[in-house]
Amino acid sequence: MEAQLIWNTDDEEHEKILRKLFRQAVRLECAVAFLKSSGLNRLRTPLLAFLKRGGVARFVVGLDFALTDPDALQQLLDWTNKFNLTLYCIDNGGSCTFHPKVYQFETAAKRRSALVGSANLTAGGLGDNYECSVLLPCKEQDISPLLTSTLEALKATPFKKADLAQYRKKHAIARRARDRQSAIIEELTAEQTQNDLAKELVLFRADSSNLGYAAQAKWRARSARDARRAMRLIASQPSSPSALYKRMASLSSCFHSRIPMFYAPSISRRPQAFRKLVQAALNAASLSPSDAYRALEANAVPGVGPNWLTEMLHAVNPRRFAVLNANSNDGLRSVRPKLPKSTGRKSVTPERYEVFCIAARDVANELGLPDLGQLDALLSRLFFSKQAASR
């Protein structure tokens with residue numbers, strides 16, 4: 001086997017490589033700076049299969065900065081009582097950091113391979129982060145003696161329940177401190193972004209081009225009117241799938257969130273269901289955001305997600321309903337950082353949409369903007385201005 005470069009991509013990632021290495025292994029040496037349940041759970045199945053067939057494992061895990069997950073340590077500790085697994089934990093107290101990321105496997109034929117690089121035993125390390133490692137054949141070299149001598153030099157002993165109880169307390173304290181620090185940073189960042197928004201609004205209003213406030217406000221108002229007209233046409237007139245497809249394309253041209261064309265054919269094959277959905281949106285103008293979104297959910301059509309549902313509601317009443325998509329959510333979170341991150345179908349609920357609309361109206365009122373479409377235009381302008389400045 002030649003040395004192989006491993007990079008987390010859609011086609012190849014550390015998790016896939018490690019799963020393959022477990023198949024013929026009889027011994028594992030794992031030394032990582034940080035361990036999380038998210039990473040251990042990804043390898044749970046191949047690791048347990050390896051242990052159940054008599055595999056021998058030694059885990060050496062860093063506890064520096066109290067970032068390692070105590071629940072993951074609990075899982076490994078439980079397995080030390082059932083299998084041939086030994087767990088050591090290293091905490092250098094801030095003097096230096098235990099920082100390796102090494103996974104060495106040995107087969108019954110004494111062939112060794114080591115994955116060495118940047119990947120901790122976390123979900124990020126195994127697949128989600130940008131991580132890079134090298135998979136090496138170890139013909140002459142063996143990390144086992146090096147790990148043993150390191151543990152002896154540190155006078156480390158196998159990790160016990162009492163050690164875990166003590167570490168849990170330290171981890172809880174450190175986590176609270178990190179949460180407080182993150183909250184302070186988010187608050188300061190939001191305050192700065194609010195100031196940036198106010199400054200950007202002055203520039204926006206002074207811009208007399210087609211990208212300026214007056215032109216954008218006029219264009220968005222016209223788009224909302226055109227969308228309402230298109231929606232009334234869809235709701236009032238039965239149509240064939242081909243006719244609905246064309247009307248959907250017309251409606252899509254009024255929205256910022258264009259419906260993916262691979263969904264359009266399947267949606268257009270449900271003309272009656274889509275008509276009911278559009279009519280529900282037209283009837284929701286005076287409802288609260290949560291009741292309006294709930295009414296649309298009750299008439300859900302496969303392929304029509306939160307982007308289009310909230311686009312329709314916004315078109316019906318731009319002062320009451322905001323468009324909720326990835327860009328608008330990121331923009332609003334820059335001044336309201338406690339808003340949730342995800343905008344996927346499962347994460348957007350009626351209650352979540354209500355909170356989003358309230359936050360959007362609050363920010364719009366603070367800036368003196370009459371409707372939520374103009375706030376969306378301002379957030380988009382600020383986003384692209386900052387993006388251009390960073391290049």
Quick one: angle between helix 70-80 and the longest Cα principal axis of the chain, in degrees between 0 and 90, rounded to 10, please.
40 degrees
Taking the alpha-carbon centre of each part, the distance from the stretch 19-59 to the stretch 317-391 in Å is 43 Å
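Taking every pair of distinct Cα atoms and averaging 1/r, then inverting, what Kirkwood hydrodynamic radius in Å comes out for the stretch 4-159?
On the way: mean 1/r = 0.0642 Å⁻¹.
For the stretch 4-159, the Kirkwood estimate is 15.6 Å.
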Can you give me the distance in nm between label points at residue 99 and residue 156, each placed 7 Å from the Cα along the Cα-to-Cβ direction?
1.6 nm
Measure nothing but the geometry: give the 0 to 90° angle between the long axis through the Cα atoms of 306-316 and the longest principal axis through the Cα atoms of the chain, rounded to 10°.
20 degrees
Mind giving me the FRET efficiency for residue 49 and residue 226? R0 is 41 Å, r the Cβ-Cβ distance, nearest 0.05 is fine.
0.10
For the pair residue 149 and residue 195, what calculated FRET efficiency results from E = 1/(1 + (r/R0)^6), where r is the Cβ-Cβ distance and R0 = 51 Å, to the nearest 0.05?
0.35
Rounded to the nearest 0.05, what FRET efficiency is calculated for residue 178 and residue 207 with R0 set to 56 Å and r the Cβ-Cβ distance?
0.85
Cα convex hull of the stretch 330-391: how many Å³ per residue?
97 Å³
Provide the gained length on full extension for the span residue 2 to residue 327, in nm with one decimal, where the gain is 0.36 nm per separating residue minus the Cα-Cα distance.
112.6 nm
Mind sorting 131, 351 by how few other Cβ atoms lie within 10 Å of their own Cβ, fewest first?
351, 131
Largest-first principal axis extents, alpha carbons of the stretch 242-391, Å:
44, 36, 27
Among 324, 367, which comes first, second and so on when ranked by fewest other beta-carbon atoms within 10 Å?
367, 324
What chymotrypsin sites (Phe, Trp or Tyr not before Pro) in the stretch 85-159 are in a loop by DSSP, with at most 16 other Cβ atoms within 10 Å of the Cβ?
130
Quick check on the stretch 53-112: take the gyration tensor over C-alpha atoms, sort the square-rooted eigenvalues as a ≥ b ≥ c, and tell me if it's rounded (a/c under 1.5), prolate or oblate.
oblate
Rounded to one decimal in nm, the spacing of the 7 Å Cα→Cβ label points at residue 365 and residue 169 is 4.7 nm
For the stretch 242-384, averaging the sequence separation of alpha carbon pairs under 8 Å that lie six or more residues apart and dividing by its residue count, the contact order in percent is 22 percent
Show me, for the stretch 370-383, the HN-Hα J-couplings you get by feeding each phi into the Karplus relation (A = 6.51, B = -1.76, C = 1.60, θ = phi - 60°), rounded to Hz, glycine and proline as x.
x, 9, 7, x, 6, 5, 4, 5, 5, 4, 5, 5, 5, 4
Using Cα pairs under 8 angstrom and six or more residues apart, how large is the relative contact order of the chain, in percent?
13 percent
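Residue separation times 0.36 nm, minus the C-alpha to C-alpha distance between residue 9 and residue 250: what's the value?
Going from the current span to full extension adds 83.0 nm.
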Rounded to the nearest 20 Debye, what is the dipole magnitude of the stretch 185-389 about its Cα centre when Lys and Arg each give +1 and Asp and Glu each give -1 at the C-beta?
1000 debye
Would you work out which of 40, 61, 87 lies farthest towards the positive end of the dipole of the stretch 18-101? Charges go on Cβ: Lys and Arg +1, Asp and Glu -1.
40
Quick one: what are the phi-derived ³J(HN,Hα) couplings along the stretch 90-101, Karplus 6.51/-1.76/1.60 with θ = phi - 60°, whole Hz, x for glycine and proline?
10, 10, 8, x, x, 5, 7, 10, 7, 10, x, 9
Could you tell me which label, among (i) 138; (ii) 199; (iii) 149, carries the value of volume of the Cα convex hull per residue in Å³ calculated for this structure?
(ii)
Residues whose built amide H sits under 5 Å from the amide H of residue 90, excluding neighbours closer than 5 in sequence, are 61, 62, 63
Kirkwood Rh in Å, taken over the stretch 2-56 so that all alpha-carbon pairs contribute:
12.4 Å
With only helices counted (DSSP H, runs n ≥ 4, each -39500 (n - 2.57)), the per-residue ellipticity at 222 nm for the chain, to the nearest 500, works out to -17500 deg cm²/dmol
Using 0.36 nm per residue, how much length does the chain from residue 138 to residue 65 gain when fully extended, once their Cα-Cα distance is taken away?
23.1 nm
Which of the GluC sites (Glu not before Pro) found in the stretch 2-91 are in a DSSP loop and have at most 12 neighbouring Cβ atoms, other than their own, within 10 Å?
2
What is the ratio of the Cα radius of gyration of the stretch 226-292 to 2.2 N^0.38 Å, with N the residue count, to two decimals?
1.09
Contact order normalised by residue count of the stretch 102-174, Cα under 8 Å, 6+ apart, percent
22 percent
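FYI, it's all coordinate maths here, none of it is from the lab. Please read these numbers as outputs of a predicted model, since none were measured by experiment. Counting neighbours? That spans all protein chains shown, and the Cβs are built from the backbone with ideal geometry, glycine included.
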